[in-house]
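The values are calculated or read from the model by the stated rules, or taken from the named source; none is laboratory data. Everything numeric in this text was worked out from a predicted model, so none of it was measured. Quick reminder, even Gly has a Cβ in these numbers, built from the backbone with ideal geometry, and neighbours come from all protein chains shown.
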Amino acid sequence: MPKENFGNVEITYDMLADRSKRIGNLVVDYIICITISIGVGLLGNWLYDTYGYNGLAVGDFTTMGENHFRFDLLQLFVSIIFYGLFESLLSRTPAKYITDTKVVMRDGTKPDSTAIFIRTLCRQIPLEALSFLFGQFAVGWHDRISKTLVVDVNKYNSALRKKDSIDTIGEQEADK
């Protein structure tokens, strides 16, 4: 896997991931999270049915009933672990690899664990996904509150290379 480039580069509006990529990220990552949740739920139910261990049993989560609460909690847990791990370690979820986007701080640097934790928790705000419908740019509440942005990797890396080449020229001139 190629090493991710990060640097202190000014993030411009044209570097931001567009709305269609953000929606794609939401849909793909949601499908992955729900698939993991269903898998863990089925495993938990199997452990209960086979060995009587009900620690992970979520009951019948295929219908909306009283037992659905345990599955909702499982989904919440999976979502927090999924986004927290991927974005803190790689600054990208699987969907962001597909859409060629990544998370950065507003100054272009790699997000720290606090920003990712806040970002991950803010995703759990009810109707948070609708926050992308308002405003000129595709920036949601979880971006605003955590002071992060999602950028197009190619545009970001291009700006970073341009800044590095200007810095290199400046250093060469200073050495003369």
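A Cβ distance below 9 Å, combined with a sequence gap of six or more or placement on separate chains, defines the contacts here; from the stretch 41-62, residues that are in contact (Cβ under 8 Å) with a residue 60 or more places away in the chain reach no residue that is exposed (fewer than 13 other Cβ atoms within 10 Å of the Cβ) and not in a helix (DSSP H, G or I). S20 meets the conditions (1) without any contact (Cβ under 8 Å) to a residue 12 or more places away in the chain; (2) among the hydroxyl-bearing types (S, T, Y); (3) part of a loop (DSSP other than H, G, I, E, B); (4) out of contact with any helix residue (DSSP H, G or I) (no Cβ under 8 Å at 6 or more places or on another chain) in every case but one. The failed one is (3). Which of the residues belonging to the stretch 8-40 are over 19 Å from the mean Cα position of the chain (by Cα) and either surrounded by fewer than 17 Cβ atoms within 10 Å (Cβ to Cβ) or at pLDDT below 90 (or both)? Within the stretch 8-40, N8, V9, E10, T12, Y13, D14, G39 meet the criteria. Only one of the listed residues (N45, N5) is at negative phi and assigned to a loop (DSSP other than H, G, I, E, B). That residue is N5.
The residues in the stretch 66-93 that are in contact with a helix residue (DSSP H, G or I) (Cβ under 6 Å, 6 or more places away or on another chain) and either modelled with pLDDT of 95 or more or part of a strand (DSSP E or B) (or both) can be counted, and the count is 9.
The set of residues from the stretch 96-114 being in a helix (DSSP H, G or I) and buried (at least 21 other Cβ atoms within 10 Å of the Cβ) comprises K96, T99.
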